[in-house]
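Trainee: I'd like to ask you about the structure that follows.
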Amino acid sequence: MRRPIAAVVTLLAVLPLAAHAAPLSGRWEGVFHGGRGDQPVTLICREGQGGTFTGLLYMSGDLMGPIENGTVAGDSLHFNVMNFGFRASRQADQMHVVLSIVHGQTHEMALHFTNPDTAALVQTPEANAAARARIEVAWDQVPDSVFAQHRVPAAAPIAVADAMRTGTLLLVGGGPAQDDVNAEFVRLAGGASARIVVIPTASTDPGQDDAALTDGDRWARSLGVAHATVMHTSSRREADSEAFVRPLRDATGVWLPGGEAGRILVSYLGTRTERELFAVLARGGVIGGTSAGALVWGSECQTFRAPKDGSPFQMGDVSALRLGDPHGVCFGALRQMVIAPHFAEFRMQPSLAKTVAARPQLLGIGIDEATALEVQGSVGKVLGRGHVTIVGGGAPAPQVLAAGARYDLVKRASL
């Protein structure tokens with residue numbers, strides 16, 4: 001699941017007020033300098049009555065969401081978009097802002113007033129089609145027999161794969177990279193002697209240059225290790241070859257970055273690559289994944305209808321949830337479990353609750369950004385700044401776990 005911006009965001013202006021400010025209503029534009037590089041930002045404001053306003057927020061041309069609870073007091077603004085809270089003030093035609101990510105880093109951003117147009121951004125049909133192509137998944141590349149083989153019968157109990165007796169999963173809820181989580185992954189992989197493989201397949205876009213994603217030195221610096229080997233293919237035939245999987249034979253740790261989970265599954269489900277990943281766990285290694293790289297380790301995943309404009313921010317909307325999708329199966333290290341990253345930040349609670357209500361045999365695991373669930377055997381330990389929420393599995397109410405909490409996923413009990 002690709003989530004291009006992480007977390008609850010606070011906008012704090014640092015410029016003094018001006019006597020002749022630009023009108024609020026209109027289009028404000030700038031650039032967000034985040035972990036995924038520079039992303040253009042467009043804030044469309046529509047001033048209402050009684051100190052209120054509405055509007056829309058776009059990131060890289062994708063609709064992030066409508067403005068909610070917008071209030072105006074002079075040149076100060078307060079509003080929400082999705083689960084993000086904003087404060088802002090302006091001087092003339094400028095907003096100089098600080099973005100404080102609740103579970104992560106702080107960024108500066110400047111917006112400037114460009115014109116009084118309050119209409120929504122209009123994408124051409126060609127642009128919408130291209131955006132949808134980036135998030136749609138070519139499930140037809142996977143034989144139906146592979147999905148059938150991975151589907152866990154409804155009557156089967158909640159369990160973990162045999163490889164989990166010796167291996168560790170480090171499941172991260174997404175958001176900007178966290179040094180402490182990266183350090184824990186490297187520690188579990190063997191520290192200075194770790195042999196790391198990175199599989200960035202979820203992050204690749206069709207037709208885009210993958211050179212940066214396949215740069216082993218870049219990933220080594222990001223994870224804080226001396227060397228990392230990168231493996232990536234969109235060919236199931238290559239993924240099933242001896243030559244492709246050879247780096248996994250010596251790996252002590254494998255890292256799967258975020259993006260679109262379907263690309264991981266289409267490429268590797270039911271192939272030699274999948275079998276070698278489980279072999280890493282079986283010999284005591286660690287597999288870490290963030291966002292899409294985490295959710296593929298349940299036995300099922302949530303699938304959603306692609307929004308018409310292709311915006312990745314709208315992918316988790318409960319109204320677009322596909323229940324009973326035959327393609328909604330994953331690797332299954334955690335059996336009868338479904339993992340929902342970006343849980344608080346992208347309001348995944350309704351869709352996860354609907355999923356486990358429709359399939360009560362499932363245990364739902366919601367992981368906030370900048371938060372990880374470290375699973376050894378059947379026991380998970382919470383790390384990081386947010387929470388892990390356990391839904392379903394016979395529990396009368398969701399259980400919210402903070403850092404340091406330990407939970408037995410099979411027994412469905414806190415320890």
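The values are calculated or read from the model by the stated rules, or taken from the named source; none is laboratory data. Here the structure is a predicted model, which means the values were calculated and not measured. FYI the Cβ positions are ideal-geometry reconstructions off the backbone, even for glycines, and counts take in every protein chain you see. Heads up: the accessible areas ignore ligands, DNA and RNA and are worked out on the full protein's heavy atoms, side chains in. Shrake-Rupley method; radii C 1.70, N 1.55, O 1.52, S 1.80 Å.
Trainee: Counting only protein heavy atoms, what percent of the accessible surface of the chain is carbon or sulfur at a 1.4 Å probe?
Mentor: Carbon and sulfur atoms account for 52 percent of the accessible area of the chain.
Trainee: I'd like the FRET efficiency for H227 and A402, computed as 1/(1 + (r/R0)^6) with the beta carbon distance as r and R0 of 51 Å, rounded to 0.05.
Mentor: 0.90
Trainee: With the other protein chains left in place, how much accessible area per residue, in square angstrom, belongs to the chain at a 1.4 angstrom probe?
Mentor: Here the residues of the chain average 41 Å² of exposed surface.
Trainee: With a 10 Å cut-off between alpha carbons and a GNM built on the chain, which of G50, G173, G258 moves the most?
Mentor: Highest fluctuation among the options: G50.
Trainee: Given a Förster distance of 35 Å, report the FRET efficiency between R283 and Q141 from their Cβ-Cβ distance, rounded to the nearest 0.05.
Mentor: Taking R0 as 35 Å, the efficiency between R283 and Q141 is 0.70.
Trainee: Specify the residue with the greatest mean-square fluctuation among S235, S267, S299, computed from a Gaussian network of the chain linking alpha-carbon atoms under 10 Å apart.
Mentor: Its mean-square fluctuation being the largest, the pick is S235.
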